[in-house]
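The block underneath contains the structure these notes are about, expressed in structure tokens.
The values are calculated or read from the model by the stated rules, or taken from the named source; none is laboratory data. The structure displayed is predicted, hence computed values, not measured ones. All Cβ positions, even for glycine, are placed from backbone atoms using ideal geometry, and neighbour counts span all protein chains on display. Just the protein is used for accessible areas: all its heavy atoms, side chains included, with ligands, DNA and RNA removed. Shrake-Rupley method; radii C 1.70, N 1.55, O 1.52, S 1.80 Å.
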Amino acid sequence: MQSNRFTFSAFSKFLFNESRWLLAVTLLLWMLFWSFSGTAESLRYRLDYTAKFLPDSRSVQMEIKLGKNADLVRWIRLRIDPEFHTGFKGRGSIERDGNYVRWMPDGAGASLSYNVAINHRRRSGRYDALFTDDWAVFRGDDLVPPARVRTAAFAQSRAKLHFEMPKGWSVATPYPKYRNGAFKVDHTERRFDRPTGWMVAGKIGVKRETIKGIDVAVAGPVGESVRRMDILALLNWNLPKLVDLIPGFPSRILLVSAGNPMWRGALSGPDSLYVHADRPLVSENGTSTFIHELMHVAMSARGEPGSDWLVEGLAEFYSLELLSRSGTITPKRYEKAHKQLANWGLEAGRLDVKRAHGAVTAKAVGVLRRVDAEIRRQTGNGASLDNVVRTLVSEGGKISLARVRAIAERVTGVPLKALGGEALGLAAKK
């Protein structure tokens, strides 16, 4: 009994001492947290972007203004297009050198303003950015071009985007909206936040839905025959399958659409995409422009020189694959679509062209289907091309044939014949 009483007493003492130790550690962690939070806050500078629409000139007057902790910013250098970005002025020093403008602000309240011409024609004569009497379709990248910033060590921006628009206009962006109407521009992978992605302003209609935890918005000008509900239906069927394929899909997505004289194609952007209002939800060949561009949004990747066929091929392969997995198309339609793409691909030459489209993309789909089949065969259906895609996305960086080969070999344990130079019609070094 004495032994038991001693054991219980010792155990109680241990618990008491342990509790004091845990309390001390907890207090220390809280102190470190609040200290770090205070330090982090002192390294954040306020950045306000204001876009003022000027209907008479079909342009936007942009202002970049620094607020709290502005002294953390040494200079901001913008890589401009002199044809579209003009009239730079503001508080602080402004230097112009060819396609670059360097702004050295002089503290809190310092601002830089300039004019942005919105309308931009492609070679086809149609527009991929347009400002009309009633609406404007453009990219955030048009408003604030790529920038290089010199700041104090570890400084980060806290940015908001404001709009000043004609009466009766509203705007849709890929960003969350504050109650005061401003948008939160926050890119966690960057220390300097600037607006990017597709946007539409004017007399617009917007339909919103939450699909598998993703905030989806489909927006377009009123009267432009934008099939907002049809598009949402397509996404309700297929976006969950895309999220299963690539779990890191953006938490918000904006789909912008408009009719003529906008370009009759589709283009992806960060957390957003543009598709012409006349594009079908599912094409006659069984693929989908919408799912193709969503794959680009999900992968957010470019190809190394000569590897664009992989980027476009993956997007097209999965535009068909996801339609099949969701039941949007039947197995019979799926096989017929692959056969049609294979026949079209016979018209292509080498895959490693600068820009892949048409027959080259169709040929790439056939290659990737053979790669998928070989991976499944080598792993007893334990893996597929899905595993390669997930690794490409998680690792980041540009896509290349060498990377795809290496990842596929890690998945299967052996080099894939379907990716050999002879099988692809490429030189062995490719």
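Give the residue, chosen from A147, A129, that is touching a strand residue (DSSP E or B) at 6+ places or on another chain (Cβ under 6 Å) and within 30 Å of P221 (Cα to Cα).
Details: A147 fails: within 30 Å of P221 (Cα to Cα).
Going through A147, A129 in turn, just one is touching a strand residue (DSSP E or B) at 6+ places or on another chain (Cβ under 6 Å) and within 30 Å of P221 (Cα to Cα): A129.
Which one of these is at pLDDT below 95, buried (at least 18 other Cβ atoms within 10 Å of the Cβ) and aliphatic (A, V, I, L, M): A110, A51?
Details: A51 fails: at pLDDT below 95.
Result of the check over A110, A51: A110.
Just for the stretch 267-307: of the residues that are β-branched (V, I, T) and in contact with a strand residue (DSSP E or B) (Cβ under 9 Å, 6 or more places away or on another chain), which one is surrounded by the most Cβ atoms within 10 Å (Cβ to Cβ)?
Filtering the stretch 267-307 down to residues β-branched (V, I, T) leaves 275, 282, 287, 289, 291, 297.
So of that shortlist, the ones also in contact with a strand residue (DSSP E or B) (Cβ under 9 Å, 6 or more places away or on another chain) come out as 275, 289, 297.
On the way: V275: 27, T289: 20, V297: 23.
So, considering only residues that are β-branched (V, I, T) and in contact with a strand residue (DSSP E or B) (Cβ under 9 Å, 6 or more places away or on another chain), the one surrounded by the most Cβ atoms within 10 Å (Cβ to Cβ) is V275.
Just one of (1) open to solvent by 30 Å² or more (accessible area, probe 1.4 Å); (2) in a loop (DSSP other than H, G, I, E, B); (3) out of contact with any helix residue (DSSP H, G or I) (no Cβ under 9 Å at 6 or more places or on another chain) trips up K160, so point out which.
(2)
Can you run down the residue pairs with Cβ atoms below 7 Å, 6 or more apart or on separate chains, where the first is in the stretch 133-154 and within 23 Å of L43 (Cβ to Cβ) and the partner is surrounded by fewer than 16 Cβ atoms within 10 Å (Cβ to Cβ) and aromatic (F, W, Y)?
These pairs meet every condition: R150/W75.
Condition first: more than 18 Å from A136 (Cβ to Cβ), outside any loop (DSSP other than H, G, I, E, B) and more than 25 Å from the chain's Cα centre (by Cα). Now tell me which residues in the stretch 163-188 satisfy that.
The answer is none; no residue qualifies.
Identify the residue in the stretch 227-269 that is over 19 Å from the mean Cα position of the chain (by Cα) and assigned to a loop (DSSP other than H, G, I, E, B) and, among all such residues, is nearest to K203 (Cα to Cα).
Checked the stretch 227-269; the qualifying residue nearest to K203 (Cα to Cα) is G259.
So, in the stretch 71-96, how many residues would count as being open to solvent by 60 Å² or more (accessible area, probe 1.4 Å) and aromatic (F, W, Y)?
Of the residues in the stretch 71-96, 0 are open to solvent by 60 Å² or more (accessible area, probe 1.4 Å) and aromatic (F, W, Y).
Filter the strands (runs of 3 or more DSSP E) completely within the stretch 36-123 down to those with at least 2 residues that are in contact with an Asp or Glu (Cβ under 6 Å, 6 or more places away or on another chain). Don't jump to the end; show me each part of the working.
Details: elements: 44-54, 59-66, 73-79, 85-90, 93-97, 100-104, 111-117.
Per the criteria, 44-54, 111-117.
For K68, which of the numbered conditions (1) out of contact with any helix residue (DSSP H, G or I) (no Cβ under 8 Å at 6 or more places or on another chain); (2) surrounded by 15 or more Cβ atoms within 10 Å (Cβ to Cβ) fails to hold?
(2)
Which residues, counting only those in the stretch 79-93, are of a type outside the set (D, E) and either free of Cβ contacts under 8 Å to residues at least 12 places away in the same chain or over 14 Å from A147 (Cβ atoms) (or both)?
Step one: of the stretch 79-93, the residues of a type outside the set (D, E) are 79-80, 82, 84-93.
Correct list: P82, F84, T86, G87, K89, G90, R91, G92, S93.
Yes or no: L310 farther than 27 Å from W237 by Cβ and open to solvent by less than 20 Å² (accessible area, probe 1.4 Å)? Give the steps one after another, and end with the answer.
Details: farther than 27 Å from W237 by Cβ: no; open to solvent by less than 20 Å² (accessible area, probe 1.4 Å): yes.
The answer is no for L310.
Among the residues of the stretch 376-386, is any more than 18 Å from T287 (Cβ to Cβ), of a type in the set (A, V, I, L, M), out of contact with any Phe, Trp or Tyr (no Cβ under 6 Å at 6 or more places or on another chain) and open to solvent by less than 60 Å² (accessible area, probe 1.4 Å)?
yes
Going residue by residue through the stretch 319-330, is there one that turns out to be open to solvent by 80 Å² or more (accessible area, probe 1.4 Å), closer than 27 Å to A233 by Cβ and among the basic types (K, R)?
yes
Quick one: in the stretch 82-107, which of the residues that are touching a strand residue (DSSP E or B) at 6+ places or on another chain (Cβ under 8 Å) and small (G, A, S) is modelled with the highest pLDDT?
First pass over the stretch 82-107, keeping only residues touching a strand residue (DSSP E or B) at 6+ places or on another chain (Cβ under 8 Å): 83-96, 99-107.
Retained after the next criterion (residues that are small (G, A, S)): 87, 90, 92-93, 107.
Values: G87: 96, G90: 93, G92: 91, S93: 93, G107: 84.
Checked the stretch 82-107; the qualifying residue modelled with the highest pLDDT is G87.
So which of A337, A362, A406 ends up being surrounded by fewer than 19 Cβ atoms within 10 Å (Cβ to Cβ), out of contact with any Cys (no Cβ under 6 Å at 6 or more places or on another chain), in a helix (DSSP H, G or I) and aliphatic (A, V, I, L, M)? So that I can check it myself, show each step before the final result.
Working: A337 fails: surrounded by fewer than 19 Cβ atoms within 10 Å (Cβ to Cβ); A362 fails: surrounded by fewer than 19 Cβ atoms within 10 Å (Cβ to Cβ).
Every option except A406 fails the conditions.
Could you please give the count of residues in the stretch 207-264 that are surrounded by fewer than 19 Cβ atoms within 10 Å (Cβ to Cβ) and among the β-branched types (V, I, T)?
Residues flagged as surrounded by fewer than 19 Cβ atoms within 10 Å (Cβ to Cβ) and among the β-branched types (V, I, T) within the stretch 207-264 amount to 5.
Matching residues to (1) more than 30 Å from A277 (Cβ to Cβ); (2) of a type outside the set (K, R); (3) in contact with a Pro (Cβ under 8 Å, 6 or more places away or on another chain):
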site: F84; (1), (2), (3): no, yes, no
site: R91; (1), (2), (3): yes, no, yes
site: I94; (1), (2), (3): yes, yes, no
site: W103; (1), (2), (3): yes, yes, no
site: G107; (1), (2), (3): yes, yes, no
site: V116; (1), (2), (3): no, yes, no
site: D133; (1), (2), (3): no, yes, yes
site: R148; (1), (2), (3): yes, no, no
site: Q156; (1), (2), (3): yes, yes, no
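Could you list, in sequence order, the residues of the stretch 235-269 that are β-branched (V, I, T) and either touching a helix residue (DSSP H, G or I) at 6+ places or on another chain (Cβ under 9 Å) or within 22 Å of E395 (Cα to Cα) (or both)?
V243, I246, I253, listed by residue number.
In the stretch 195-218, which residues are out of contact with any helix residue (DSSP H, G or I) (no Cβ under 7 Å at 6 or more places or on another chain), of a type in the set (D, E, K, R) and assigned to a strand (DSSP E or B)? Steps first, please.
Step one: list which residues in the stretch 195-218 are out of contact with any helix residue (DSSP H, G or I) (no Cβ under 7 Å at 6 or more places or on another chain), which gives 198, 200-204, 206, 208, 210, 213, 215, 217.
Add one more test, that the residue is of a type in the set (D, E, K, R), and what stays is 203, 208, 215.
Correct list: R208, D215.
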